[in-house]
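Presented below is the structure to which this report refers.
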Amino acid sequence: MTSKKLLRFYFRAERLNVVLDGAAMRAALASASGGYAGEHYADRIITIIDAKRKLSSLWAYLNEVISSLSDGDRRVLAYYAQLRGGYSALPAAQAKAVRRVVVKFVRRARYLGRHKQAVELVGSMSALLGG
């Protein structure tokens, strides 16, 4: 998992939350049409709720890490998260500044392994985050 995907998730989590809420609502409404047994839709909704719980925990952890950085560093991370490419396309001085803050972020996020399943979810849902 790249740090960029994690940062994109952190800064766009609200968008992903809306998408997951919509998926849960569609599953709930589809259960009324009777296409499948009720357990099928219940399992889908439970899976979505579990994913939201894991992602919420990851977001809270990332929030702790990012909150420990200065305002300027947080702005740099937000800028980097919205870039289409990496920082190598930036001018040398700007790329160095972005790389410095990203490395600082990665070093502070040393307990990311505790959220392995959520990180994998972010990877699988990265298309929903745009960019």
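The values are calculated or read from the model by the stated rules, or taken from the named source; none is laboratory data. Computed from a predicted model, the values in this text were never measured in an experiment. Cβ atoms come from the backbone with ideal geometry, glycine included; neighbour counts cover every protein chain shown. The area values use the complete protein model at the heavy-atom level, side chains included, leaving out ligands, DNA and RNA. Shrake-Rupley method; radii C 1.70, N 1.55, O 1.52, S 1.80 Å.
Checked against (1) at pLDDT below 95; (2) open to solvent by 80 Å² or more (accessible area, probe 1.4 Å), L129 passes all but condition (2). Residue selection: R114 fails the criterion of being more than 14 Å from Y61 (Cα to Cα), basic (K, R) and touching a residue at least 12 places away in the same chain (Cβ under 8 Å).
Give region 85-111 a look and list any residue that's assigned to a loop (DSSP other than H, G, I, E, B) and in contact (Cβ under 8 Å) with a residue 24 or more places away in the chain, or say none. Scanning region 85-111 gives G86, A109, Y111.
Set side by side, the residues A32, A95, A60 differ, and just one is open to solvent by less than 40 Å² (accessible area, probe 1.4 Å) and hydrophobic (A, V, I, L, M, F, W, C), which is A95.
The sole residue among Y10, Y79 that is hydroxyl-bearing (S, T, Y) and touching a helix residue (DSSP H, G or I) at 6+ places or on another chain (Cβ under 6 Å) is Y10.
Checked against the criterion of being hydroxyl-bearing (S, T, Y), free of Cβ contacts under 8 Å to residues at least 24 places away in the same chain and open to solvent by 80 Å² or more (accessible area, probe 1.4 Å), the candidates T2, T47 yield just one match: T47.
Criterion applied to L62, L29 was being closer than 17 Å to R108 by Cα and either under 17 Å from the mean Cα position of the chain (by Cα) or of a type outside the set (S, T, Y) (or both), and the one residue passing it is L62. Here are S70, S57, S124: which of them is more than 13 Å from the chain's Cα centre (by Cα) and of a type in the set (S, T, N, Q)? Step by step, each of S70, S57, S124 is checked, and only S70 is more than 13 Å from the chain's Cα centre (by Cα) and of a type in the set (S, T, N, Q).
Per the listing R107, R99, the residue uniquely under 19 Å from the mean Cα position of the chain (by Cα), under 25 Å from E120 (Cα atoms) and of a type in the set (K, R) is R107. So, Y41, is that one of a type in the set (F, W, Y) and either more than 21 Å from V19 (Cβ to Cβ) or open to solvent by 70 Å² or more (accessible area, probe 1.4 Å) (or both) or not? No.
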